[in-house]
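Below is one structure, written out as structure tokens; the observations come after it.
The values are calculated or read from the model by the stated rules, or taken from the named source; none is laboratory data. Quantities reported herein were computed from a predicted structural model and do not represent experimental measurements. Note that each Cβ is placed from the backbone with ideal geometry, even for glycine, and that neighbours are counted across all protein chains shown. Remember, those area values only see protein heavy atoms, side chains included, never the ligands or the DNA or RNA. Shrake-Rupley method; radii C 1.70, N 1.55, O 1.52, S 1.80 Å.
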Amino acid sequence: MNDVFIGDDHFHDQCGVFGVFGDEEAAKLTTLGLHALQHRGQESAGIVTVHDGRLRTHRAMGLVGEAFTGEVLDRLPGAQAIGHVRYSTAGESSLRNCQPFAVDYAGGCLAVAHNGNLVNAIALTESLEARGSLFQSTSDSEVFLHLMAHHREGDLLDRLAQVSAQAVGAFSVLVMTGNGIAAMRDPLGLRPLSIGRRGAAWVFSSETCALDLIGAEYVRDVAPGEIVAVSSDWEGLRSRRMAPGPHGVRQCVFEHVYFARPDSVVFGRSVYATRKAFGRILAQEQPPPHGHADLVIPVPDSGVGAAIGYAQELGLPYEMGLIRSHYVGRTFIEPTQSIRHFGVKLKLAAIGAEIAGKRVVVVDDSLVRGTTSKKIIALLRHKGAAEVHVRISCPPTTNPCYFGIDTPTRAELIAANQSVESIRQFLGADSLGYLSADGLHRALEDASAASPDRRYCNACFTGNYPLPVESAGASNRCA
Ligand code: AMP
């Protein structure tokens, strides 16, 4: 889903979806699943179930644990459920944009949970409104609900196949009707979506970490361009393939760099192992000056995997030089520059005894605006670090994402506007080194390393977008 703003090219998404079909405790299992996907969105959470042919819905601002108490779950009976966690740092973060979107209408009941971003949302919205659709929200994800409502012929797969022909962009989406759930992934496969089994029940999840939590067995991923559906009208899982797009498969590399949880297997690869591989190759490409450092420390939690890989590759000691507070709510990390600075100190503290007098390599997964790193370096120096060498386990982030990762405007992306040397000066680091694009793809063991963007979307590092994106920021309907 995506909030869009007239005359502005901010994009604010990042979501997780989860669904259960065929278990009387569907809402409880979905709550657990959303807990495991909480990192994909902390702003709002929602679950829709079907009971006696009617939808039961609860959507609330805040974290899953706050939104879904025992009392709320008692009001969500039914053997099928879909759920959603949503993230947005700015723009309209109101209850009406919480997902899943759900309606009871003449054609039955319908609920939708979407992770991704449609680049043709404006055109679709305009044509749907011209045909009488009334939108409840300012989120592009609601388009799926209206498209489904317009396509009433055939079974769930037939209807979704027609919807898929009209949608352009990133969509890992769950659609629930009165008697089934369908899971669909766009032809580029930009965002992840996995299928699991728990006893007789089918489970769908953005990431495998949520399958593990509920004791579901991982079956396989929904393939790029595939629609799968389960229904009380038939046995087992049915599948249909959309026509492949001209750009092949372009799975989001940033899921591995930052977004996904390290215990997940995303696009067939362990996220943790991939991050360690990023760190190992980063160490080969960007060792500390003259190969000397006393200590490698991560920026927790996102830099841990890469820092371990970096330290192992060079045989350097690895320590936790920074400690992260897990009790800082998102409310403290408001999206204004001034409070962002303050927020870093609330989140991270340096352990003086470990770093005083040491030449420290600090490894983080990515630099976006550079403000977090700048603060961290000041913190490390304040605690007596002799040298601070910053290593980033991805290439410079030079372009905003239009496909489901929250990114600031190009103007705010430090690497879009400054050289590595001037970023180093801004950060106050003794040295700064990024993983190369080639190194990133080698770490992914990309069979197509010769044309590295064939299997992965790396547009945030290259500007090489797999779909035209001009329309996505040009004129937007809401807020
Ligand atoms: P910045 O201060 O803007 O450079 O923030 C960099 C930090 O933000 C890094 O530690 C990343 O782990 C983290 N980060 C990277 N991408 C995102 C994102 N899309 N949403 C939230 N945090 C992010």
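Quick one: in segment 435-459, which of the residues that are open to solvent by 20 Å² or more (accessible area, probe 1.4 Å) and under 27 Å from Val296 (Cα atoms) is modelled with the highest pLDDT? So that I can check it myself, show each step before the final result.
Of the residues in segment 435-459, the ones open to solvent by 20 Å² or more (accessible area, probe 1.4 Å) are 436-438, 442, 445, 447, 449-455.
Add one more test, that the residue is under 27 Å from Val296 (Cα atoms), and what stays is 436-438, 442, 445.
Values: Ser436: 98, Ala437: 95, Asp438: 95, Arg442: 93, Glu445: 80.
It comes out as Ser436.
What's the total number of residues in segment 143-167 that are polar (S, T, N, Q) and either buried (at least 17 other Cβ atoms within 10 Å of the Cβ) or not assigned by TED's automatic domain parsing to the domain that holds Tyr105 (or both)?
2
Restricting attention to segment 419-431, does a residue exist that is under 25 Å from Val119 (Cα atoms) and either within 10 Å of the ligand (Cβ to nearest atom) or touching a Gly at 6+ places or on another chain (Cβ under 7 Å) (or both)?
There is no residue in segment 419-431 that is under 25 Å from Val119 (Cα atoms) and either within 10 Å of the ligand (Cβ to nearest atom) or touching a Gly at 6+ places or on another chain (Cβ under 7 Å) (or both).
Taking only segment 218-239 into account, find how many residues are among the small types (Gly, Ala, Ser), farther than 22 Å from Gly268 by Cβ and touching an Asp or Glu at 6+ places or on another chain (Cβ under 9 Å). Give the derivation first.
Taking segment 218-239 as the starting set, the residues that turn out to be among the small types (Gly, Ala, Ser) are 223, 225, 229, 231-232, 236, 239.
Now narrow it down to the ones that are farther than 22 Å from Gly268 by Cβ: 229, 231-232, 236.
Then keep just the ones that are touching an Asp or Glu at 6+ places or on another chain (Cβ under 9 Å); that gives 229, 231.
The total comes to 2.
List the pairs whose first member sits in segment 358-372 and is closer than 14 Å to Val388 by Cα and open to solvent by 10 Å² or more (accessible area, probe 1.4 Å), whose second member is within 11 Å of the ligand (Cβ to nearest atom) and part of a strand (DSSP E or B), and whose Cβ atoms are under 7 Å apart, counting only residues at least 6 apart or on separate chains?
From segment 358-372, the pairs are Asp364/Ile392.
Does His290 satisfy the condition of being part of a helix (DSSP H, G or I) and within 16 Å of the ligand (Cβ to nearest atom)? If you could, list the steps in order and put the result at the bottom.
On the way: part of a helix (DSSP H, G or I): yes; within 16 Å of the ligand (Cβ to nearest atom): no.
Criteria not met by His290.
Got a sec? Which of Gly180, Gly189, Gly196 is closer than 16 Å to Phe403 by Cβ, crowded, with 20+ Cβ neighbours inside 10 Å and small (Gly, Ala, Ser)?
Numbers: Gly180 fails: closer than 16 Å to Phe403 by Cβ; Gly196 fails: closer than 16 Å to Phe403 by Cβ.
Answer to the check: Gly189.
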